[in-house]
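What follows is a set of notes on a single structure, which appears directly below.
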Amino acid sequence: MGEKKSFYTFQFWLLCTSSVLFMASFNMIIPELPSYLDAMGGEDYKGLIIGLFASTALISRPFSGRLADTIGRIPVMIIGPLVCVTLGLLYPAFTTIWGFLFLRILHGFSTGFKPTGTTAYLADIVSSKNRGEAMGILGVAGSIGMAAGPAIGSYIAMEFSLNAMFYASSFTALLSVLVLFGMKETLQDKVKFKPSLLLIHPRDVVEPRVIQPSIIMFLSVYAFGTVLTVTPDLSDHLGIGNRGLFFTATLLASVVTRLFAGKASDRFGREKIMMIGMTLLIASTILLGFSDTPQLFYMSAAIYGIAAGINSPTLFAWTVDLADELNRGKGMSTMFIALELGVILGSIFGAEIYDNDVTRFKYAFWFSSFMAALGLSYLIRLLALKRKEK
């Protein structure tokens with residue numbers, strides 16, 4: 001597609017609106033799931049709440065990437081929210097540990113499809129010189145959903161019931177689907193769906209061009225998996241009633257940061273801006289390990305939000321920069337595979353390190369700091385190699 005003078009179009013804002021609603025829908029239930037699983041007697045399975053969800057998302061990424069590059073971006077974007085609509089209605093009916101874990105497996109398909117289609121769509125309508133800025137704005141939309149969803153979900157659970165929270169999640173996902181019907185497809189040479197499109201060859205799984213940002217994505221989002229799994233219990237330990245407030249604090253810190261970081265990465269380069277983000281990520285997770293008061297907890301959340309606000313749009317824009325235009329779906333899918341791997345390992349190992357022992361919170365978060373430090377080291381190495389090539 002040709003260069004666009006402005007990406008602030010009606011289609012762009014519809015895309016952002018759908019992203020807000022979708023992100024809110026499945027994040028709405030996350031803070032209450034650890035205690036919900038505890039009530040079933042499944043306290044030893046907390047790491048699987050996020051781990052199973054992310055595992056299914058990971059498996060579905062190659063399919064979503066291939067379909068986004070063949071049948072179109074919008075059909076792929078619709079699949080994810082429809083999964084959320086269905087499963088939000090089923091959670092109240094599946095009241096055993098294994099039934100719950102089975103639904104988490106299915107729920108992962110939602111994020112395996114929607115974000116892949118969304119980022120590929122955005123890459124189609126935005127020029128390269130504004131890519132970081134656009135990804136930043138889309139990231140703000142996603143952040144609003146990710147942060148507001150948990151706070152709203154916890155409020156509904158406290159004031160009404162857990163079942164009401166699940167139904168609200170389903171309704172919010174439905175709204176995100178309805179928004180998509182006002183959007184125009186951007187894939188030029190789309191084809192009709194046929195079963196053979198689901199036959200995935202190894203070459204369809206990874207786009208070699210985007211390996212570098214994918215490695216950084218993996219090392220940075222490991223912390224996110226740990227945060228999702230462990231901070232609800234830390235909130236309880238600190239006497240904070242609403243388990244979603246940590247994510248609200250990250251939102252307040254990240255919204256403006258995303259706008260600034262996106263533009264900055266367009267101007268100064270992706271790697272340099274990522275170094276700042278990774279440094280702040282290390283600082284936030286170290287501080288989170290020391291958090292023994294609500295004040296330190298919220299300070300950690302704010303720094304974490306700034307780091308996420310820098311890292312996310314920069315990594316997305318960097319990935320689109322490197323991806324082949326005809327394989328943008330596969331390129332974004334590769335990056336999301338790295339994201340899911342990081343979240344899976346962060347959630348599982350974070351839960352194992354914590355092991356329901358309040359004296360071990362710090363070790364779970366500090367290992368996240370170590371993973372982020374590896375990412376920072378890798379970025380320093382990439383910049384050193386670039387300087388040598390000049």
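The values are calculated or read from the model by the stated rules, or taken from the named source; none is laboratory data. This is a predicted model, so every value here is computed, not measured. Cβ sites come from the backbone with ideal geometry, for glycine too, and all protein chains shown count toward neighbours. To get the accessible areas, we keep the full protein, side chains included, count just its heavy atoms, and leave off ligands, DNA and RNA. Shrake-Rupley method; radii C 1.70, N 1.55, O 1.52, S 1.80 Å.
Structure summary
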quantity	calculated
Lone unmet requirement of (1) within 29 Å of Ala39 (Cα to Cα); (2) at pLDDT 85 or above; (3) crowded, with 24+ Cβ neighbours inside 10 Å for Val85	(3)
Residue within the range 301-309 that is under 30 Å from Gly72 (Cα atoms) and surrounded by 24 or more Cβ atoms within 10 Å (Cβ to Cβ) present	yes
Of all residues in the range 29-51 being outside any helix (DSSP H, G or I) and open to solvent by 10 Å² or more (accessible area, probe 1.4 Å), the one that is nearest to Ala151 (Cα to Cα)	Met40
Evaluation of Arg131 against (1) among the basic types (Lys, Arg); (2) over 30 Å from Ile273 (Cα atoms); (3) modelled with pLDDT under 80 (one fails), failing number	(2)
Test result for Phe109, within 27 Å of Thr231 (Cβ to Cβ), of a type outside the set (Ser, Thr, Tyr), open to solvent by less than 20 Å² (accessible area, probe 1.4 Å) and in contact (Cβ under 8 Å) with a residue 40 or more places away in the chain	no
Residues of the range 230-263 classified as open to solvent by 10 Å² or more (accessible area, probe 1.4 Å) and either under 17 Å from the mean Cα position of the chain (by Cα) or more than 25 Å from Ala351 (Cβ to Cβ) (or both), total	14
Identity of the residue in the range 6-19, open to solvent by less than 40 Å² (accessible area, probe 1.4 Å) and in a helix (DSSP H, G or I), that ends up farthest from Thr250 (Cα to Cα)	Gln11
Entirely in the range 64-161, the helices (runs of 4 or more DSSP H) that have 1 or more residues that are among the hydroxyl-bearing types (Ser, Thr, Tyr) and over 19 Å from the mean Cα position of the chain (by Cα)	73-90, 131-159
Conditions (1) open to solvent by 30 Å² or more (accessible area, probe 1.4 Å); (2) modelled with pLDDT under 85; (3) within 17 Å of Tyr167 (Cα to Cα): number failed by Phe94	(2)
Selected residue (criterion: surrounded by the fewest Cβ atoms within 10 Å (Cβ to Cβ)) from residues of the range 168-219 that are in a loop (DSSP other than H, G, I, E, B) and of a type in the set (Asp, Glu)	Asp189
Which numbered condition Ile59 misses (of (1) of a type in the set (A, V, I, L, M, F, W, C); (2) open to solvent by 10 Å² or more (accessible area, probe 1.4 Å); (3) over 19 Å from the mean Cα position of the chain (by Cα))	(3)
Residue ID - farthest from Gly72 (Cα to Cα), chosen from residues in the range 112-167 that are polar (S, T, N, Q) and buried (at least 24 other Cβ atoms within 10 Å of the Cβ)	Ser154
Those residues of the range 296-346 which are of a type in the set (Gly, Ala, Ser) and part of a loop (DSSP other than H, G, I, E, B), in sequence order	Ala323
